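Novice: Sharing a structure here in structure tokens format.
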Amino acid sequence: MSFLKTKESGEAQVDFDRLPRHVAIIMDGNGRWAKRRGLPRTAGHAAGAENFRSIATYCQKIGLEYLTVYAFSTENWKRPLEEVSAIVGLLKKYLLESIEKMEKDKIKLHFFGDLEPLPQELKDMCRKTSEISERYEGMQVNVCFNYGGRDEIVRAARHFAADCAAGGRKPEELTEVPGIGEGILEGLIDYVTTGEEKR
Ligand code: FPP
């Protein structure tokens, strides 16, 4: 990350002049991490979730405003049932811990993506974290779950089409799809992947 320098001791030092407002993390590489250690993929996801928690704590400490994590895409449902269940289980663990800690940390937690297919208990927890978040002004963590770029384009295009049908907009006014990334792209500068790819 361009705002981190390495001190002679090997410790990371923040360059506050270059600190972005928003960092987004694509949570990948969990499977490869586990494979290298001869562990099941689910162990990689568990380690990834722990790692994300440490990253979030660090980002809050250095004063980042927004941290976004792309945790589970609409494509990820195609993975084996056992793996999907483990990921949903990790999301539940993360939510339970967050509900307990966010009152102390003053972190805001927002969810993006279609949460409808999740078990009711998890949807209730997501709603609860959103309610708690309204009371705080701290760093905002955006968790993208069951999230997909195509899905987002369809939702935004439908919205625009409905405006046209109601007479509020004209199709020729469309130069870019309005609403794309709304609420999620605020101040976004750096994209980090936890696997090996550079984006
Ligand atoms: C991608 O790694 C990771 C996922 C599909 C799931 C990550 C989600 C969690 C760990 C759930 C917990 C969520 C939070 C917000 C803490 P991969 O399997 O594609 O790894 P690879 O790139 O090595 O194949």
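Novice: For Lys93, which lysines qualify as cross-link partners when the Cα separation must be under 27 Å and same-chain residues fewer than eight apart are set aside?
Specialist: Lys35, Lys61, Lys78, Lys101, Lys104, Lys106, Lys108, Lys123, Lys128
Novice: How high is the FRET efficiency from Ala161 to Glu116, r the C-beta distance, R0 30 Å, rounded to 0.05? Walk me through the intermediate numbers first.
Specialist: Numbers: r = 21 Å, r/R0 = 0.71.
Given R0 = 30 Å and the Cβ-Cβ separation, E is 0.90.
Novice: What FRET efficiency comes out for Glu65 versus Glu97 if R0 is 22 angstrom and r is the Cβ-Cβ distance? Round to the nearest 0.05.
Specialist: Working: r = 22 Å, r/R0 = 1.00.
Here the calculated transfer efficiency is 0.50.
Novice: Continuing with this model, one more query. So for the pair Arg127, Phe16, with labels modelled 7 Å out along Cα→Cβ, what separation do we get in nm?
Specialist: Here the modelled spin labels are 4.2 nm apart.
Novice: Could you please state how large a percent of the accessible area of region 1-154 is carbon and sulfur, counting protein chains only and using a 1.4 Å probe?
Specialist: Carbon plus sulfur share of accessible area: 52 percent.
The values are calculated or read from the model by the stated rules, or taken from the named source; none is laboratory data. On a predicted model such as this, the values are computed, not experimentally measured, just so you know. Note that each Cβ is placed from the backbone with ideal geometry, even for glycine, and that neighbours are counted across all protein chains shown. Note: accessible area is taken over every heavy atom of the protein model, side chains too, but ligands, DNA and RNA are not part of it. Shrake-Rupley method; radii C 1.70, N 1.55, O 1.52, S 1.80 Å.
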